[in-house]
Structures are given as structure tokens and as C-alpha cells.
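Please read the structure below before turning to the comments.
The values are calculated or read from the model by the stated rules, or taken from the named source; none is laboratory data. All values derive from a computational prediction rather than experimental measurement. For neighbour counting, all protein chains shown are included, and Cβ atoms are generated from backbone atoms with ideal geometry for every residue, glycine included. These area figures cover heavy atoms from the full protein model, side chains too; ligands, DNA and RNA do not enter into them. Shrake-Rupley method; radii C 1.70, N 1.55, O 1.52, S 1.80 Å.
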Amino acid sequence: MFYELAFWIKLDASPEEEVKKILDLIKKHKGEVFYESGVKKRKMAYPINKEIMGYFGYVLFRGGKETPVKVNEDLRFFKNILRYLIVKRKVLSPKEKS
């Protein structure tokens, strides 16, 4: 099954380190990352924990039914992740397939 994990990282954190932690977490729970968008500094639509700017990025991965559940449970403890969302993907765009 295919999944997408979108996330916001605090502005004062190192985005490269946080993305590496996320990728390692997915691999730890038997997921395979096949697309990473990279992170970009963005203004948020509304403040999250009094933050108005942050780094936004997303990754696409495949895994079993338990993979997103376990990743979701562990992401709660990442202090530099302001917000995240995991959704199931049905179809991949041609850009993401390559």
C-alpha cells in the first residue's frame, strides 16, 4: 500500500536532521521510501504552537497496514515536528513513479 506523510518542522530545528529521522523511522517499521519532496521554508496558514513559519515537506512510502500506524505512534514524540499527517494514496502521479 502507498502512503503520504506530510509534516511541518520548527524553524529553529535542522530540517535535514529531522527528515533523516523521519526516513529512518519509516525504514525501522518496514516501510520503503520512494519519493521525498525536500523541505521548503513556508509561512503557515495559522499559528501552530505560536510558530508562524516553518519547514514543510512530504515523503511517499509503501508498507504494510501496520507501518503507518507505528510511524504515527512514534512521530508524536518528535519535539521538532509541529504537525504531521499520514494518508493512504491510491494513485501515484507520473512524476512520483519515476
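Numerical summary
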{"quantity": "In the chain, GluC sites (Glu not before Pro) in a DSSP loop with at most 12 other beta-carbon atoms within 10 Å", "calculated": "none"}
{"quantity": "Tilt relative to the chain, helix 15-28 - C-alpha long axis, 0 to 90 degrees, to 10", "calculated": "30"}
{"quantity": "For the chain: accessible area per residue (Å², 1.4 Å)", "calculated": "65"}
{"quantity": "Normalised convex hull volume, the chain, alpha-carbon set, Å³ per residue", "calculated": "99"}
{"quantity": "V71 - accessible surface, heavy atoms, 1.4 Å probe, Å² rounded to 10", "calculated": "0"}
{"quantity": "Probe 1.4 Å - accessible area at D12, Å² to nearest ten", "calculated": "130"}
